[in-house]
Amino acid sequence: MFRNQVTSLLRHERIETTTPKAKELKRIADKVITLGKKGTAHARRIAFRDVRDPEVIEKLFGPIAERYAKRAGGYSRIIHTRRRHGDNASMSIIELVDRAPAVEENAETKAKAKKAKGE
């Protein structure tokens, strides 16, 4: 389960899960990102034990490793959000620090949305 969550976290750079799972996931994800910073073949093999997707491995050893090259640790953060309906579990968002900002809408899309609203 944590292998899938680490892969999803590195792919999407932000996921929502229960707070206890997020706390454990943070430990694993930070260790995998540290391996990505090393960049050796041995580190790549060890990282592949936890992250089974070759595309995510390339992202880990490429852009993510470059982004955190000068950071000494603390690559992810946990934000407590809500209580889940049904079982009242504490939910949290875990995300990578300094992640890429959300893609801004271009002017064309904004103009279409404005026209659709009748403004």
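Scanning the stretch 64-88 for residues that are surrounded by 15 or more Cβ atoms within 10 Å (Cβ to Cβ) and assigned to a loop (DSSP other than H, G, I, E, B) turns up Tyr68, Tyr75. If the condition is being closer than 14 Å to Ile28 by Cβ and either part of a loop (DSSP other than H, G, I, E, B) or basic (Lys, Arg) (or both), then the stretch 46-63 contributes Arg49, Val51, Arg52. Applying a threshold of 9 Å to beta carbon distances and a minimum spacing of six or more residues, or different chains, the list of pairs starting in the stretch 27-44 at a residue that is farther than 13 Å from Glu58 by Cα and ending at one that is modelled with pLDDT under 95 and acidic (Asp, Glu) reads Ile28/Asp50; Ala29/Asp50; Lys31/Asp50.
Would you point out the residue of the stretch 9-24, among those that are assigned to a helix (DSSP H, G or I) and more than 8 Å from the chain's Cα centre (by Cα), that is surrounded by the fewest Cβ atoms within 10 Å (Cβ to Cβ)? Full working, then the answer.
Just the residues of the stretch 9-24 that are assigned to a helix (DSSP H, G or I), to begin with: 9-12, 19-24.
Checking the rest, the ones that are also more than 8 Å from the chain's Cα centre (by Cα) come to 19-24.
Working: Thr19: 14, Pro20: 11, Lys21: 17, Ala22: 25, Lys23: 13, Glu24: 13.
Across the stretch 9-24, the extreme among qualifying residues is Pro20.
Annotation note: Cβ proximity below 7 Å between a residue of the stretch 57-68 that is closer than 9 Å to Gly36 by Cβ and a residue that is basic (Lys, Arg) and in a helix (DSSP H, G or I) (sequence gap 6+ or interchain) occurs for Ile57/Arg44; Phe61/Arg44; Ala65/Lys37; Tyr68/Lys37. Scanning the stretch 92-113 turns up one or more residues that are of a type in the set (Ser, Thr, Tyr) and at pLDDT 95 or above.
The values are calculated or read from the model by the stated rules, or taken from the named source; none is laboratory data. What you are looking at is a predicted structure, and each value in this text was computed from that prediction instead of being measured. So basically every Cβ, Gly included, is an ideal-geometry build from the backbone, and we count neighbours across all protein chains shown.
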